[in-house]
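Undergrad: My questions will all concern the structure given below.
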Amino acid sequence: MARPLRVCDHALLRFIERVGGLDVEGLRRHLAESLDRAAGAAEQLGAREMTIAADGFHYVVMKGVVVTVLTPQMKPKRMKARR
C-alpha cells in the first residue's frame, strides 16, 4: 500500500495564494507594518530576538524576521538576552 500523499507548507501557501486568490504579499506587508514600531523600539534597546504581544497573539521575531505566531494558549519561551 502506498503512503498517503503529503502537502508541504510551501505548496499549501501557493495553493492558498494562486487557487484561493489570497493576497499573501499584502498580508505579509500588513503584518510587517503593524509590528514594525514595536520591533524598532526593541532593536534600539539592542534586542535582536523578541516576542511582540499584539491583538492577543505573540509574534516571535529573530534577527528582523517574524518566524512564528503563537496563539493565546501557547506560551512563548523566554529568550536569553543577546546583543
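The values are calculated or read from the model by the stated rules, or taken from the named source; none is laboratory data. Note that the structure is a prediction, hence the values are computed from the model and not measured. Glycine also receives a Cβ, built like all others from the backbone with ideal geometry; neighbour counts cover every protein chain displayed. Surface areas here come from the heavy atoms of the whole protein model, side chains and all, with no ligands, DNA or RNA. Shrake-Rupley method; radii C 1.70, N 1.55, O 1.52, S 1.80 Å.
Undergrad: Between Phe57 and Leu5, take the C-beta separation as r, use R0 = 30 Å, and let me know the FRET efficiency to the nearest 0.05. Each step should come with its number before you reach the end.
TA: Working: r = 31 Å, r/R0 = 1.05.
Calculated transfer efficiency: 0.45.
Undergrad: Relative to the longest principal axis of the chain, what angle (0 to 90°, nearest 10) does the C-alpha long axis of helix 24-44 take?
TA: Relative to the chain, helix 24-44 is tipped by roughly 20 degrees.
Undergrad: Tally Lys and Arg at +1 and Asp and Glu at -1 over the other residues with C-beta under 11 Å from the C-beta of Arg29: what net charge comes out?
TA: Values: positive: Arg28; negative: Asp23, Glu25, Glu33, Asp36.
That works out to -3.
Undergrad: Moving to a separate point now. Return one number: the angle in degrees, 0 to 90 and rounded to the nearest 10, between the long axis of the Cα atoms of helix 9-18 and the longest principal axis of the Cα atoms of the chain.
TA: Taking the Cα atoms of the chain, the angle to 9-18 is about 80 degrees.
Undergrad: Any chance you could check the Cα centroid distance between region 1-29 and region 30-70 for me, in angstrom?
TA: If you average the Cα positions of each part, the centres end up 24 Å apart.
Undergrad: Which percent of the accessible area of the chain is formed by carbon and sulfur heavy atoms (probe 1.4 angstrom)? Provide the component values of the computation, followed by the final result.
TA: Numbers: 4170 of 7380 Å².
Percent of accessible area from carbon and sulfur atoms in the chain: 56.
Undergrad: With a ≥ b ≥ c taken as the square roots of the eigenvalues of the C-alpha gyration tensor of region 26-83, please select rounded if a/c is under 1.5 and otherwise prolate if a/b is larger than b/c or oblate if it is not?
TA: Details: a/c = 1.92, a/b = 1.11, b/c = 1.73.
Because a/c hits 1.5 or more and a/b fails to exceed b/c, region 26-83 counts as oblate.
Undergrad: On a full-extension model of 0.36 nm per residue, what is the gain between Arg78 and Arg14, subtracting their alpha-carbon distance, rounded to one decimal in nm? List each step's numbers first, then the result.
TA: Numbers: separation 64, 0.36 × 64 = 23.04 nm, distance 3.27 nm.
Extra length available between Arg78 and Arg14 comes to 19.8 nm.
Undergrad: Can I ask one more? Please compute the contact order of the chain in relative form: average sequence separation of alpha-carbon pairs under 8 Å and at least six residues apart, divided by the residue count, as a percent. All intermediate terms of the calculation are to be shown ahead of the outcome.
TA: Details: 67 pairs, mean separation 14.4, N = 83.
The normalised contact order for the chain reaches 17 percent.
Undergrad: Residues of the chain: accessible area per residue at 1.4 Å, in Å²?
TA: Per-residue value: 89 Å².
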